[in-house]
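Colleague: Sending over a structure as structure tokens; questions will come in a sec.
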Amino acid sequence: MESSESLRYSMRRFPLGVVVVTTTWGERPVGMTVNTFNSVSLNPPTVMFIADKSKGNDVPFRESKKFAVNFVDSEEILRVFSITPVQKRFEVVKYREEEGIPVLIDSYAYIKAMRREVIDVEDHAIIVGEVLEVKTIREAKPLVYYMSEYRELCL
Ligand SMILES: Cc1cc2nc3c(=O)[nH]c(=O)nc-3n(C[C@H](O)[C@H](O)[C@H](O)COP(=O)(O)O)c2cc1C
């Protein structure tokens, strides 16, 4: 079997979109940057992302009913939601609650979804959600994650 290092090596060379997924867990807002978000189905509109079970990243999304997908074009925010200690993230990034879910104020678009299923695949879990609402707020300059860095697109 191939080593996980070879898979990491090739995935670093594959450009991926990045978003911040958020939810409320134990009455506290939680969120993380992911590069595994995608749409799954259009009818009904369904989305997914993949959470790392070895870090416990799946737990808040397994144990809450809804989540939000925040499309952000700020490297700073993407860094906060992957590096800053989990308890401090919502102290430094502004958010509001919508139907009990934290939505980042600086998102250029966001999706609210109802968790539908969680599919365990080895050390990760695919979190699948049915889309409740999609809002586009403004034009953006989205970033992609490539070779372990956030990069601007040359448009
Ligand atoms: C660009 C980028 C993409 C990431 N994508 C994922 C992902 O798809 N799934 C995941 O569980 N963690 C992902 N992470 C890691 C989480 O953001 C991180 O584990 C989470 O915020 C919890 O922080 P902690 O590991 O410091 O507790 C990613 C990190 C970065 C920098």
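Colleague: If amide H atoms are built 1.01 Å from N in the plane of the peptide, which residues on other chains or at least 5 residues away come under 5 Å of the amide H of Thr46?
Modeller: Long-range HN contacts for Thr46: Val40, Ser41, Val131.
Colleague: Shifting gears a bit: At 1.4 Å probe size, with the rest of the protein present, what percent of the exposed accessible area of the chain is carbon and sulfur atoms? Show your work: numbers first, answer last.
Modeller: Values: 5030 of 9450 Å².
C and S atoms contribute 53 percent here.
Colleague: Now for a separate question. Describe numerically, in nm with one decimal, the distance between label points set 7 Å from Cα along Cα→Cβ at Lys53 and at Val121.
Modeller: Label at Lys53, label at Val121, 1.3 nm between them.
Colleague: Let me ask something additional. Filter the GluC sites (Glu not before Pro) in region 13-89 down to the DSSP loop ones having no more than 13 other Cβ atoms within 10 Å, then list what survives. If you can, show how the numbers build up before the last one.
Modeller: Numbers: sites: Glu27, Glu63, Glu75, Glu76; in loops: Glu27, Glu63.
For GluC sites (Glu not before Pro) across region 13-89 that sit outside H, G, I, E and B with at most 13 neighbouring Cβ atoms in 10 Å, the list reads Glu27, Glu63.
Colleague: In whole Hz, with x marking every Gly and Pro, tabulate ³J(HN,Hα) for region 112-123 from phi via Karplus 6.51 cos²θ - 1.76 cosθ + 1.60, θ = phi - 60°.
Modeller: Using θ = phi - 60°, the values come out as 9, 9, 9, 4, 9, 8, 10, 10, 7, 10, 6, 8 Hz.
Colleague: Further question: List, in order, the whole-Hz ³J(HN,Hα) value for each residue of region 9-24 obtained from phi through the Karplus relation with A = 6.51, B = -1.76, C = 1.60 and θ = phi - 60°; use x for Gly and Pro.
Modeller: Running phi through 6.51 cos²θ - 1.76 cosθ + 1.60 with θ = phi - 60° gives 4, 6, 5, 4, 8, 10, x, 10, x, 10, 9, 10, 9, 9, 7, 10 Hz.
Colleague: Considering only lysines 8 or more places apart in sequence, or on different chains, count the pairs in the chain whose C-alpha atoms sit under 26 Å apart.
Modeller: 23
Colleague: Take the alpha carbon atoms of region 1-38, find their center, do the same for region 106-149, and report the distance between the two centers in whole angstrom.
Modeller: 10
Colleague: Over the Cα atoms of region 18-155, compute the convex hull volume and normalise it per residue, giving Å³. Could you put the intermediate results ahead of the total?
Modeller: Numbers: hull volume 15.9 nm³, N = 138.
Given the Cα convex hull of region 18-155, per-residue volume reads 115 Å³.
Colleague: Please report the net charge: other residues with Cβ closer than 15 Å to the Cβ of Leu132, K and R +1, D and E -1. It would help to have the intermediate numbers written out before the result.
Modeller: Numbers: positive: Lys65, Lys66, Lys112, Arg115, Arg116, Lys135; negative: Glu97, Glu98, Glu99, Glu130, Glu133.
Combined, the nearby Lys, Arg, Asp and Glu give +1.
Colleague: Using the per-residue mean of other Cβ atoms lying within 10 Å as a proxy for protection, in what order, highest first, do the peptides 77-87, 139-149 fall?
Modeller: Values: 77-87: 15.5, 139-149: 12.5.
The densest-packed peptide leads the list: 77-87, 139-149.
Colleague: Report the net charge of residues surrounding Arg116, where surrounding means a beta-carbon distance below 14 angstrom and charges are Lys +1, Arg +1, Asp -1, Glu -1. Could you put the intermediate results ahead of the total?
Modeller: Details: positive: Arg62, Lys65, Lys66, Lys112, Arg115; negative: Glu117, Glu130.
Residues near Arg116 contribute +3 overall.
Colleague: With θ set to phi - 60°, apply the Karplus curve 6.51 cos²θ - 1.76 cosθ + 1.60 along region 93-99 and write out the HN-Hα couplings as whole Hz, x wherever there is a Gly or Pro.
Modeller: 10, 6, 8, 10, 8, 10, 6
Colleague: In what order, largest first, do Asp58, Asp123 sit by accessible area if the probe radius is 1.4 Å?
Modeller: On the way: Asp58 10, Asp123 90 Å².
Descending order: Asp123, Asp58.
Colleague: Skip the ligands, DNA and RNA, and give the accessible area per residue of the chain with a 1.4 Å probe, whole Å².
Modeller: Result: 61 Å² per residue.
Colleague: Still on this structure, I have one more. Could you list which residues have their amide H under 5 Å from that of His124, counting only those 5 or more apart in sequence or on another chain, with H placed in the peptide plane?
Modeller: Correct list: Lys53.
Colleague: Right, here's the next one. Where does region 84-128 land on Rg/Rh, using Cα atoms and the Kirkwood Rh? Don't skip to the answer; put the middle values down first.
Modeller: Values: Rg = 13.7 Å, Rh = 12.9 Å.
So for region 84-128, dividing Rg by the Kirkwood Rh gives 1.06.
Colleague: Label Ser6 and Ala140 with points 7 Å out from Cα along Cα→Cβ: what is the distance between them in nm?
Modeller: According to this spin-label approximation, the distance is 3.5 nm.
The values are calculated or read from the model by the stated rules, or taken from the named source; none is laboratory data. Here the structure is a predicted model, which is why all the values come from computation and not from measurement. Using ideal geometry, Cβ is built from the backbone for each residue, glycine included, and neighbour counts are taken over all protein chains shown. Areas reflect the complete protein model, heavy atoms only, side chains present, ligands, DNA and RNA absent. Shrake-Rupley method; radii C 1.70, N 1.55, O 1.52, S 1.80 Å.
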